[in-house]
Amino acid sequence: MNGEPMAPDALTGPLQRTNLREQVLALVRQALVSGEIRPGDIYSAAALATRLGVSSSPVREAMLTLVNEGLMEPVRNRGYRVIPMSEHDLDEVYTMRLLLEVPGTLQAAANAQPEDLTRLTVIADEIEKTAREGDVVGFLEADRRFHLGLLQLCDNRRLVDTVTAMRDQTRLYGLEALAERGVLDNSAHEHHHMLEAIARNDMDSLENLIRHHLLHVRSDWARPDSVSPAGDRRPRAGGKHDIRGTSAIEG
C-alpha cells in the first residue's frame, strides 16, 4: 500500500470482537459484488486484516470460504485473487435468479404474515436511507437482508441457499456511479412497492416488480462507469468506497 490516507469504505475497522469470521466474510462479499475488490488484483489476508483492525486468521478463513465457493483463488505466497466473471457468466446468473427468485418470492408472499411485512418494512426504510446517503455498502447489505429475508418465507432452504450463492456471483459495478448521481433511491423505492403488493395480495404486480428489480441487477446496476483501453469492464478506482489504493494490496 502507498501509505496515503484512504477514503472510508467497506473494509473500515475495527469490527466487533464477536463472530469476526462472519463479519469479515460479509464485508469481503460486499466488496467483491460491488467491484471494490477487483478481478485480477491480488489481496493479502494480512493487509485486509490491518484495514479491519483484526488478526489475519478470520480474514484468511473468510478468503478460504470464498475459494471453496469458487469466487476467489489462492496465489501462492502472495494472497488471493477474485476469479473474473464474463458477460456470459453474468447472463447465466441473471437467468438462474429469474427462474428461482420469481416463483420463490411469490410463494414467500403467499406465506407472509403481518409481522413479516412489519419486519421487512424496517429493512426497506433502511434501503431508502442508505440510497439517499449514497452509502453503497449499506445499500447492498440491507438489500441482501430484505430479499433473502423475504425469500426465506417460501420455506425452501435449498432454494434460498442457491439464490444466496447466485447473489454472491452477481457483479454490481455500476452502483457507485448511480449513487454519486443521486439516482440510486429510484430503485430503492421498489422494495416498499413489493411490500404494498404483498399486503393487497396483488401477485401480478409483485411478479412484475421482481422481474424489473432483477433487470436492474443485470443492466444499469451491473454497468461499470469506465472501460479500460483493452475493452475490459472495470469499476472506477478512487471512489468513495474504493479499497484498493494500488493494483494489488501487499501484506
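The values are calculated or read from the model by the stated rules, or taken from the named source; none is laboratory data. Since the model is a prediction, treat every value here as computed from it, not as a measurement. Note that each Cβ is placed from the backbone with ideal geometry, even for glycine, and that neighbours are counted across all protein chains shown.
When residues in region 16-46 are screened for being of a type in the set (S, T, N, Q), surrounded by fewer than 19 Cβ atoms within 10 Å (Cβ to Cβ) and either in a loop (DSSP other than H, G, I, E, B) or at pLDDT below 80 (or both), 3 of them pass. Restricting attention to region 181-227 and to residues that are of a type in the set (Gly, Ala, Ser) and at pLDDT 95 or above, the residue that is nearest to Tyr94 (Cα to Cα) turns out to be Ser205. Which residues, counting only those in region 148-170, are among the β-branched types (Val, Ile, Thr) and touching a Gly at 6+ places or on another chain (Cβ under 8 Å)? Across region 148-170, the qualifying residues are Val160, Val163. Exactly one residue out of Thr12, Thr50 is among the β-branched types (Val, Ile, Thr), surrounded by 15 or more Cβ atoms within 10 Å (Cβ to Cβ) and modelled with pLDDT of 75 or more, and it is Thr50.
Selection of region 140-160 for residues being within 17 Å of Met194 (Cα to Cα) and not basic (Lys, Arg) yields Ala142, Asp143, Phe146, His147, Leu148, Gly149, Leu150, Leu151, Gln152, Leu153, Cys154.
Considering Thr170, Thr164, the condition of being assigned to a loop (DSSP other than H, G, I, E, B), modelled with pLDDT under 95 and among the β-branched types (Val, Ile, Thr) is satisfied by Thr170 alone.
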